[in-house]
Amino acid sequence: MPEIDVDLVNRRLAEIKQLIGELGDIVELGLLRFLSDPYVRDAAKYKLIVAIEAAISVCNHIVVRVAKEIPSSYSDCFIIQA
């Protein structure tokens, strides 16, 4: 089985870090703006989904290579990794 692709993991983690920063920028807009502006809410949802997908990608990559298991679900991946 191939080894962990450190570059791939680092790219995904950098993406997550960037998205968390961008979500922080949205938080700074304030609750009223968030609740009243559907574009801001949509942007937040999108950034959150992309960050979650990146986390799942890292988890699957590591679990398949280290635990040599194929997770049956997204949550299973994190349970195996724990």
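The numbers here are math on the coordinates, done by the rules we state, and not lab data. Here the structure is a predicted model, which is why all the values come from computation and not from measurement. We place every Cβ from the backbone using ideal geometry, glycine too, and count neighbours over all the protein chains shown.
Couple of notes before you dig in:
- Positive-pole candidate from A55, V6, G24, dipole of region 6-81, charges at beta carbon: V6
- Remark: region 1-46 is approximated by an ellipsoid whose semi-axes, taken from the C-alpha gyration tensor as √(5λ), come to 32, 10, 5 Å, largest first.
- Across the chain, Cα pairs under 8 Å and at least six residues apart give a relative contact order of 33 percent.
- Principal-axis tilt of helix 38-62 within the chain, Cα atoms, nearest 10 degrees: 10
- Other residues with beta-carbon under 10 Å from the beta-carbon of E53 carry, at +1 per Lys or Arg and -1 per Asp or Glu, a net charge of 0.
- Note on the chain: along the principal axes its Cα atoms extend 49, 25, 18 Å, ordered by decreasing extent.
- Electrostatic dipole magnitude of the chain [Cβ: Lys, Arg +1; Asp, Glu -1; Cα centre; debye, to 20]: 80
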